[in-house]
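Engineer: Dropping a structure here in structure tokens format, bear with me for questions.
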Amino acid sequence: MNATERTIPAGRTDQRWRTAASHWAGGTFWSKATTAVAVFALTVAGLAAGTAPAVAASPTVVTLTFDDANADQLNAAQVLNAKGLKGTFFVPSGVVGTPNYMTVANLQGLAAAGHEIAGHTVTHPDLTTLTTDEATRQICNDRVNLTKWGFRVTNFAYPFAAENAAVEAIAKNCGYNSARGLGDIKTRFSCADCPLAESIPPGNAFNTAAPDEEDSSWTLADLQKSVTQAETGGGGWVQLTFHHVAASSADPLNITPTLLSQFATWLKARPSTTSVKTVNQVIGGTVKPVVAGPAVPPPATNGNLVKNPDLETLVSGVPQCWQQGGYGTNTAAFNVVAPGHAGAVAERLVVTGYASGDAKFLPALDLGGCSPGATAGHTYTISAWYKSTAVTQFALYYRTGIGSWAYWTSSPWFAPATAFQKASWTTPPLPAGASGISFGLNLFANGTLITDDYAMYDTAGAPAP
Ligand SMILES: [Zn+2]
């Protein structure tokens, strides 16, 4: 993979994370590091019994894939349904039903119309940065969630197209039949020396090659070229990846319904050797048993539940188990600074251009690998040391039963401080069904905030003040 694959736009309006994996991606919201380019045989070889024969005019198969469950993908469904085409929708189950994303009912409508619902993890992390247990929860539990909602879930796509051999093995062990990468097929934008199509069947079903994801700089000619270069190059599989489908979008990963419709009309008119299929129609295979990821140990009732609470353990210069968060219209810059409150480092947040929302640094919004576990009905005493040029407060989130994260509540305000001060607050009882907490001191105005030495105690087991 050498392409970006992204969700959770910075400009969204709901109370959630700024970008799921930006932190681990080296601080950039938009791109992933380039890695080795796989080379695939273009010949149609090794066809399994029962699949289409390798005819003289090698077939070209186009798959239209839609990532991240953005609500405006219902526009794509309208276009495809009108043309009688079926697409594949890669769904992070943790966002389903939240603002600006599709609902379970939306997904059921897609499936009823013949589209494929496929896996994309629960919360869309960069899987290569996670422990084996957490990566397994992300991939397997997403398949569990989607299956419980009634879908036949056999194929997967890696968030940010980030994968390695270990992650491929996890996807296979979770019961998937294939997993998609991005950026390993030639376009005018990238990968000039890459193959013109993936082979059928793919050389590695757990890293299928696809062109870069489509963005608003793609023209109808670019879309057509991705198909015609395969047709004239010996055929093969062309998986095109879309994110937003709207007449206009602030997100560059957008295609207008008009352009998608023009492309669909053109596709329908291709020679009979070119067809449009879902991933499942290309990959085939049975529905493997559903496997749940490893359980998270029950939360302790004593001791500080925050992992890496002093921010001293750094991975690629970033505190391990922490992430950037925020929403609304503002510009947030995050940096590790020295010295810390007690240890060597602290985290600095600078907000400029503030119009709305907030920004904060907080424990990773994950399935339990990093975020503090918590018990429904219990109250928690949370604290952190801070210096700030502006008023700050704790913003709190909780993990739901399916592994998504919901905004919970916010603490009272804490005054600006030029020397380190301790902010402390006791939460209300954790809502029923919740299994974890994430919280951070935020800025909701322009300013500079430095935080360090976070703590979260079950109030029953908290040390005396
Ligand atoms: Zn995605």
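The values are calculated or read from the model by the stated rules, or taken from the named source; none is laboratory data. Since the structure is predicted, the reported quantities are computational estimates derived from the model, not experimental observations. Positions of Cβ are backbone-derived with ideal geometry, glycine not excepted, and every protein chain shown enters the neighbour counts.
Residue-by-condition table, conditions (1) more than 19 Å from Trp405 (Cα to Cα); (2) among the acidic types (Asp, Glu):
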| position | (1), (2) |
| --- | --- |
| Asp126 | no, yes |
| Val153 | yes, no |
| Pro159 | no, no |
| Ala169 | yes, no |
| Cys174 | yes, no |
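Engineer: Cβ-Cβ distance below 6 Å, separation of 6 or more or different chains: which pairs start in the range 197-213 with a residue that is more than 14 Å from Leu182 (Cβ to Cβ) and not assigned by TED's automatic domain parsing to the domain that holds Phe156 and end on one that is small (Gly, Ala, Ser) and outside any loop (DSSP other than H, G, I, E, B)?
Structural biologist: Listed by first residue and then by second, the contacts come to nothing, as the list is empty.
Yes or no, residue by residue, for (1) buried (at least 21 other Cβ atoms within 10 Å of the Cβ); (2) among the polar types (S, T, N, Q); (3) over 33 Å from the mean Cα position of the chain (by Cα); (4) in a strand (DSSP E or B):
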| site | (1), (2), (3), (4) |
| --- | --- |
| Thr409 | no, yes, no, yes |
| Pro412 | no, no, no, no |
| Phe420 | no, no, yes, yes |
| Trp425 | no, no, no, yes |
| Gly433 | no, no, no, no |
| Gly440 | yes, no, no, yes |
| Thr451 | yes, yes, no, yes |
| Met456 | yes, no, no, yes |
| Ala460 | no, no, yes, no |
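Engineer: Of all residues in the range 139-153 being of a type in the set (A, V, I, L, M) and assigned to a helix (DSSP H, G or I), which is farthest from the ligand (Cβ to nearest atom)?
Structural biologist: Looking at residues that are of a type in the set (A, V, I, L, M) and assigned to a helix (DSSP H, G or I), I get Val144.
Engineer: Limited to the range 154-168, what total is found for residues that are within 16 Å of the ligand (Cβ to nearest atom) and β-branched (Val, Ile, Thr)?
Structural biologist: 1
Engineer: Something else about it: Of (1) over 18 Å from Val391 (Cβ atoms); (2) touching a residue at least 60 places away in the same chain (Cβ under 8 Å), Gly326 satisfies all except one. Which?
Structural biologist: (1)
Engineer: Please go through the range 242-274 and pick out each residue that is within 16 Å of the ligand (Cβ to nearest atom) and in contact with a helix residue (DSSP H, G or I) (Cβ under 9 Å, 6 or more places away or on another chain).
Structural biologist: If the condition is that a residue be within 16 Å of the ligand (Cβ to nearest atom) and in contact with a helix residue (DSSP H, G or I) (Cβ under 9 Å, 6 or more places away or on another chain), then Phe242, His243, His244, Val245, Ile255 are the ones that fit.
Engineer: Separate question: If a residue counts only when it is of a type in the set (Lys, Arg) and surrounded by fewer than 24 Cβ atoms within 10 Å (Cβ to Cβ), which strands (runs of 3 or more DSSP E) contained entirely in the range 339-388 have at least 1 such residues?
Structural biologist: 346-352, 380-388
Engineer: While we're looking at this one, here's another question. Looking at the range 106-128, I want the residues that are farther than 13 Å from Val153 by Cα and hydroxyl-bearing (Ser, Thr, Tyr) and have a partner that is within 14 Å of the ligand (Cβ to nearest atom) and part of a loop (DSSP other than H, G, I, E, B) with Cβ atoms under 8 Å, at least 6 apart or on another chain. Which pairs are those?
Structural biologist: Thr123/Ala20; Thr123/Pro92; Thr128/Ala162; Thr128/Glu163
Engineer: Sticking with this structure for a sec: State yes or no: is Pro412 farther than 26 Å from Tyr354 by Cβ and at pLDDT 95 or above?
Structural biologist: Taking the combined requirement at face value, the residue does not satisfy it.
Engineer: Between a first residue in the range 83-97 that is farther than 15 Å from Thr147 by Cα and in a loop (DSSP other than H, G, I, E, B) and a second residue that is away from the ligand (no atom under 15 Å from the Cβ) and among the acidic types (Asp, Glu), which pairs have beta carbons less than 8 Å apart while being 6 or more apart in sequence or on different chains?
Structural biologist: Final answer for the pair search is Lys86/Glu116; Gly87/Glu116.
Engineer: Kindly indicate the residue of the range 178-201 that is polar (S, T, N, Q) and closer than 20 Å to Pro59 by Cβ and also farthest from the ligand (Cβ to nearest atom) among those meeting that condition.
Structural biologist: Ser199
Engineer: Which of the residues belonging to the range 121-164 are under 20 Å from Ser316 (Cα atoms) and of a type in the set (A, V, I, L, M, F, W, C)?
Structural biologist: Passing the criteria: Leu127, Leu130, Ala135, Phe160, Ala161, Ala162.
Engineer: Identify all residues within the range 171-216 that are of a type in the set (Gly, Ala, Ser) and within 20 Å of Arg152 (Cα to Cα); write none if there are none.
Structural biologist: Those that are of a type in the set (Gly, Ala, Ser) and within 20 Å of Arg152 (Cα to Cα): Ala171, Gly175, Ser178, Ala179, Ala205.
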